[in-house]
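The values are calculated or read from the model by the stated rules, or taken from the named source; none is laboratory data. All of these numbers come straight from a predicted model, not from anything done at the bench. Note: ideal-geometry Cβ built from the backbone for every residue, glycine included; neighbour counts use all protein chains shown. Keep in mind that these areas ignore ligands, DNA and RNA; they rest on the heavy atoms of the full protein, side chains included. Shrake-Rupley method; radii C 1.70, N 1.55, O 1.52, S 1.80 Å.
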Amino acid sequence: MTRNDNRRDKRIVDFIDTLFVEVGPSQQLFDLKEELATNMKERILDFQARGIDADAAFKEAVIAMGDLSGLVDDMRRIGQDTAKQSVYSSMSARISTIGLVSGVLLVLFGVLTSAMVYYMNISGVAAAGNGVFVVAGGVLVTYSFLTRETSRKYAMNKVRAALFALAIGLVLFAVFTAIMTHLAVGEMYITIASLMVFLLTGIGLFLFLVLTGTDRRKDTQRR
């Protein structure tokens, strides 16, 4: 990111934080701030694409966001309602736990099935083919882990978590494809070629997400 990008993002975060300065922290508030920041950034970029300078684009984006007092009041009530926060967090935690358990089981199923088929001496391709369950399990574990709220961090935005899961899935699928290709044709250059396509895309997406991420630590951890 350039210095101007960092300055723009900081202005957006500061503006949104100021709006909700009197609102108690909650996962719902964190999710809303993430959504508002994304929308505001898109509006600013749209205004700049029309030839408006950065400062004017920021002011136009603020105007375009409209009156957010209703959202502030809603978040203030949620911040004061510990019972509602507890229900929301508990439900999200259960969903995340189911995803984590299911993902781990998928990975184990893929590994154990591949080993079973391999020792049955059916074929290397048939054995490696079960690795697709490892790919699916890795994606599910990644998404479920990132969307899980902990005592130290808020859950990641679901769209962003899905992109992280996609990045991991692409890397795992690259390895899976390379193994399958090597067993099928036995040519190393073809294996490397099949690996490169998905591996580079996955790593590129992963690095982009890491470098553009936001701080999910709760306030108690920053003090």
- Query: When only alpha-carbon atoms count, how far does the chain stretch along each of its three principal axes, as whole angstroms with the largest first?
  - Reply: 67, 48, 29
- Among the listed pairs Lys41/Lys218; Lys33/Lys218; Lys59/Lys218; Lys33/Lys153; Lys10/Lys158; Lys10/Lys41, those beyond 18 Å (Cα-Cα): Lys41/Lys218; Lys59/Lys218; Lys10/Lys158
- Note on the structure: Ranked by GNM mean-square fluctuation in the chain (Cα springs under 10 Å), the top entry among Thr18, Thr147, Thr177 is Thr18
- Message: In Å², and per residue, what accessible area does the stretch 136-188 have when probed at 1.4 Å with the other protein chains present?
- Response: 52 Å²
- Query: Which percent of the Cα-Cα distances in the stretch 125-193 go past 21 Å?
  - Reply: 39 percent
- Message: Please report, ordered by residue number, every helix of the chain (full DSSP H runs) that is 27 Å or longer along its axis going by C-alpha atoms and whose mean Kyte-Doolittle hydropathy reaches -0.5.
- Response: 82-119, 158-185, 188-211
- Distance between modelled label sites at Leu68 and Val210, nm, 7 Å Cα→Cβ extension: 3.0 nm
- Message: Run the paramagnetic zone check for Arg7: 7 angstrom along Cα to Cβ, then residues of the stretch 41-69 with backbone nitrogen under 16 Å.
- Response: 45, 48, 52-59
- Note on the structure: The answer for the net charge of residues other than Lys41 whose Cβ lies under 12 angstrom from its Cβ, with Lys and Arg +1 and Asp and Glu -1, is -2
- Query: Size of the dipole of the chain about the Cα centre, Lys and Arg at +1 and Asp and Glu at -1 on the beta carbon, nothing else charged, in debye to 20?
  - Reply: 520 debye
- Note on the structure: the stretch 98-223: Kirkwood hydrodynamic radius (Cα pairs, Å) comes out at 16.0 Å
- The simple spin-label model distance between Tyr118 and Val175, using points 7 Å out along Cα→Cβ, in nm, is 1.3 nm
- Of all accessible heavy-atom area on the chain, the percent that carbon and sulfur account for (1.4 Å): 65 percent
